[in-house]
1. Out of 241, 219, I need the residue that is out of contact with any strand residue (DSSP E or B) (no Cβ under 6 Å at 6 or more places or on another chain), touching a residue at least 24 places away in the same chain (Cβ under 8 Å) and either closer than 21 Å to residue 180 by Cα or in a helix (DSSP H, G or I) (or both). Which one?
2. Within the range 168-190, can one find any residue that is surrounded by fewer than 19 Cβ atoms within 10 Å (Cβ to Cβ), part of a loop (DSSP other than H, G, I, E, B) and touching a residue at least 40 places away in the same chain (Cβ under 8 Å)?
3. Checking residue 229 against (1) touching a residue at least 40 places away in the same chain (Cβ under 8 Å); (2) under 15 Å from residue 179 (Cα atoms): exactly one of these is not met. Which one?
4. Checking residue 260 against (1) surrounded by 16 or more Cβ atoms within 10 Å (Cβ to Cβ); (2) part of a helix (DSSP H, G or I): exactly one of these is not met. Which one?
């Protein structure tokens, strides 16, 4: 009898443990489901935050572009108003009668000339040497920059890629910045920021005094994207780079092209301050 009681007790204990185990497994599955739902929600929130950040970045860029355009339009209108305003006529002046001139006095007697004094012979002066400025040394060409390995493949998120490359510029990581921006311009030539990418690549060269390479990058921007918002600034940097290299003629040619093609841009207005050439108002 005692054996049956013991067996029944063991079975009841086993059933109780099995029931608790099933309950624990059910609770565990429920918690795992809640955790997965929270992770999905967090991923959605992170994605939304990134979208909002990208949207803000794009809006700020558009606001800056529109601000430059509006400033150029206002400057153009102001110049036209000044040109259309009639010039005030000069007031007529009455002719005053000429005063009667008295007769000239008789010429006074000239004093007798003094005897000439002997003049001591002057010693020849030593020739003055004029110091001439040494010609500017041509900058060494930069080695081809390579994009970081993580940024050298296909660009799946252009805006995030562009912002990361811009971060390299802000940190002064010139080679990585140049490689990333040139890779962006090559892979996405029709993207809205393709011209900006070439501009920042040129700025990296300019910051390192690699003016020949800077001229190539800035000129490539102007050639490919003449209507881009960075084209006037690129021409200004071309002029400044030529001046740094000691080629004043090419610097003046670039500045003149800036004034001719983008006369109402902010960059054109800076030619007077930065280069000493006449600014707008042509």
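The values are calculated or read from the model by the stated rules, or taken from the named source; none is laboratory data. In this text, all values refer to a predicted model and were calculated from it rather than measured experimentally. So basically every Cβ, Gly included, is an ideal-geometry build from the backbone, and we count neighbours across all protein chains shown.
1. Details: 219 fails: touching a residue at least 24 places away in the same chain (Cβ under 8 Å).
Of the residues listed, the single one that is out of contact with any strand residue (DSSP E or B) (no Cβ under 6 Å at 6 or more places or on another chain), touching a residue at least 24 places away in the same chain (Cβ under 8 Å) and either closer than 21 Å to residue 180 by Cα or in a helix (DSSP H, G or I) (or both) is 241.
2. So far as the range 168-190 goes, no, none of its residues is surrounded by fewer than 19 Cβ atoms within 10 Å (Cβ to Cβ), part of a loop (DSSP other than H, G, I, E, B) and touching a residue at least 40 places away in the same chain (Cβ under 8 Å).
3. Condition not satisfied by residue 229: (2).
4. (1)
For (1) modelled with pLDDT under 90; (2) crowded, with 22+ Cβ neighbours inside 10 Å; (3) outside the structural domain of residue 211 (by TED's automatic domain parsing); (4) within 19 Å of residue 198 (Cα to Cα), each residue gets a yes or a no:
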residue: 226; (1), (2), (3), (4): no, no, no, yes
residue: 232; (1), (2), (3), (4): no, yes, no, yes
residue: 237; (1), (2), (3), (4): no, yes, no, yes
residue: 241; (1), (2), (3), (4): no, yes, no, yes
residue: 245; (1), (2), (3), (4): no, no, no, no
residue: 250; (1), (2), (3), (4): no, no, no, no
residue: 266; (1), (2), (3), (4): no, no, no, no
residue: 271; (1), (2), (3), (4): yes, yes, no, no
